[in-house]
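Worksheet: one structure, shown below.
Values quoted throughout were computed directly from the atomic coordinates according to the rules given, and no laboratory measurement underlies them. Given the structure is predicted, the values throughout are model-derived calculations rather than measurements. Note that we place each Cβ from the backbone using ideal geometry, even for glycine, and neighbour counts take in every protein chain shown.
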Ligand code: SF4
Ligand code: SF4
């Protein structure tokens with residue numbers, strides 16, 4: 001899976017958007033991994049993520065309760081979360097390092113920033129997955145603002161038509177940007193849709209329309 | 001996915017949630033275009049319909065079941081035990097050592113996302129090009145299970161008409177061959193009815209350098225500033 005990698009950013013600008021994924025390696029350290037994965041999940045949750053979930057169960061914006069995710073986690077759980085600042089990323093990585101659980105963790109975000117935070121907490125990058133962006137019939141893609149929003153659900157569960165509809169509701173004052181962002185997070189079953197970033201994008205679009 | 005027409009009120013509220021534009025109105029009722037529907041389950045999971053008119057198929061027949069395997073993130077692919085479209089790839093490389101050193105690099109071609117979808121015919125066009133280049137296909141990847149012949153990249157005929165939201169083709173290539181493979185992918189991109197994104201997996205050297213980056217940049221490719229990093233916390237038991 002590469003569902004956190006190709007999050008679109010207009011003009012490749014920096015974004016406060018750091019996605020964490022954690023899982024056991026099936027056949028290597030997966031037997032009885034549940035407890036460790038739950039511990040990873042609790043550490044992520046302790047640093048106030050903007051979204052959190054388990055790929056196999058759902059995230060907090062799909063209606064899952066934290067206790068429910070913990071209770072139903074299995075050795076095959078994929079624990080996911082997203083943070084909106086380098087400080088909180090540093091804090092969670094530090095706790096994960098200290099806990100020394102032996103479970104793999106990846107961080108998706110601006111590579112320079114991620115490497116810098118890792119250096120601060122004395123962690124070494126092991127392997128990277130780099131993005132070369134989109135190819136093919138790019139005219140089929142939605143416009144850039146919508147693309148930024150829909151690509152925050154890496155399984156493409158957030159529909160561009162729904163985003164357009166929500167944007168109109170914000171424009172008409174029926175919804176706040178916060179309510180809109182939370183609604184858009186609902187289809188993301190993994191818990192990696194960054195609600196805070198979505199709110200920022202919606203605000204940017206709304207302000208742009210007002211100024212026009 | 002099906003809609004119970006007796007329960008449908010024709011409000012059309014569900015249409016905007018379908019990433020494949022598969023929900024249509026006919027005679028004031030919503031119906032699902034079965035050719036377009038990728039069985040992702042979003043419409044049902046979100047409970048957008050106030051009369052609960054959506055009926056998911058309990059067991060999809062082969063090869064339609066592939067739609068759900070690739071498109072619904074909560075469907076498990078039995079052969080790999082993984083949910084979704086790909087494998088653990090580099091996410092557990094600190095444990096598996098699948099990408100041992102920087103001599104070999106992984107390439108993940110992520111077809112159909114976002115909100116475009118793809119047919120497995122388009123996927124076959126890409127696997128054929130990759131096979132001609134002599135790449136090593138990742139055996140645990142669901143697309144590899146559908147491949148008739150790794151030397152030609154042909155998929156089994158019966159699956160070609162299936163439509164999915166997205167899938168990932170994963171291959172391993174010698175680092176020196178990466179520019180040539182990306183060049184060829186760029187060429188085949190002109191011949192498909194969808195989009196794909198390319199991910200390049202490379203181990204990080206002790207001095208924190210990433211040898212594949214200068215190779216790609218020299219060929220004129222722009223490596224996006226955002227990447228996925230395995231932070232090296234995993235251990236074998
Ligand atoms: S939301 Fe339900 S009632 Fe409304 S059109 Fe769709 S299926 Fe019919
Ligand atoms: S299952 Fe997915 S593709 Fe099919 S109608 Fe529902 S939302 Fe659309």
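List of remarks:
- Look at the stretch A:157-167: the mean tally of other chain Cβ atoms within 10 Å of its residues' Cβ atoms is 5.
- Residue order, fewest to most surrounding Cβ atoms within 10 angstrom, among A:174, B:69: A:174, B:69
- If a spin label sat at a point 7 angstrom from the Cα of residue A:72 along the line to its beta carbon, no backbone N atom of segment B:44-72 would be nearer than 11 Å.
- Diffusion coefficient, µm² s⁻¹, Stokes-Einstein with Kirkwood Rh over alpha-carbon pairs of segment B:87-218 at 10 °C and 1.306 mPa s: 104
- Here the peptides B:90-101, B:180-191, B:29-40 are ranked by packing, the mean other Cβ count within 10 Å, and the order with the highest first is B:90-101, B:29-40, B:180-191.
- The label point for residue B:2 and the one for residue B:102, both projected 7 Å from the Cα toward the Cβ, are 5.7 nm apart.
- Debye log10 I(q)/I(0) for the protein assembly as shown, one point scatterer per Cα, at q = 0.11, 0.14 Å⁻¹: -0.83, -1.40
- Peptides B:204-211, A:72-79, A:146-153 ranked from most to least packed by the mean count of surrounding Cβ atoms within 10 Å: A:146-153, A:72-79, B:204-211.
- Nearest 10 degrees, 0 to 90: helix A:34-46 Cα axis against chain A principal axis: 50
- Computed label-point distance, nm, for sites residue B:27 and residue B:191 using a 7 Å Cα→Cβ extension: 4.4
- In degrees, nearest ten, helix A:195-211 long axis to first principal axis of chain A (Cα): 20
- Compactness ratio for segment B:152-237: Cα radius of gyration over 2.2 N^0.38 Å (N = residue count) comes to 1.36.
- The helix-based estimate of mean residue ellipticity at 222 nm for chain A, built from -39,500 (n - 2.57) per DSSP H run of four or more residues and divided by its residue count, is -12500 deg cm²/dmol to the nearest 500.
- q = 0.21, 0.22, 0.25, 0.26 Å⁻¹, segment A:138-211: log10 I(q)/I(0) [Debye, one scatterer per Cα]: -0.85, -0.93, -1.18, -1.27
- Relative contact order of chain A: 32 percent, from C-alpha pairs under 8 Å at least 6 residues apart in sequence.
- Over chain B, relative contact order from alpha-carbon pairs under 8 Å, at least 6 apart, %: 21
- Look at the stretch A:187-194: the mean tally of other chain Cβ atoms within 10 Å of its residues' Cβ atoms is 3.
- The residue A:144 and residue A:65 beta-carbon pair, evaluated with R₀ = 45 Å, returns a calculated FRET efficiency of approximately 0.80.
- Each label was represented as a point 7 Å from its Cα along the Cα-to-Cβ direction; for residue B:222 and residue B:50 these points are 4.7 nm apart.
- Partner shielding of A:80-86 amounts to 0, given as the average count of beta-carbon atoms from other chains within 10 Å of each residue beta-carbon.
- Residue among A:58, A:136, A:109 with the largest mean-square fluctuation in a Gaussian network model of chain A, springs linking Cα atoms under 10 Å: A:136
- Residues A:28, A:41, A:83, arranged from fewest to most other Cβ atoms within 10 angstrom of their Cβ, appear as A:28, A:41, A:83.
- The value of relative contact order for segment A:108-212, using C-alpha pairs under 8 Å at least six residues apart, is 21 percent.
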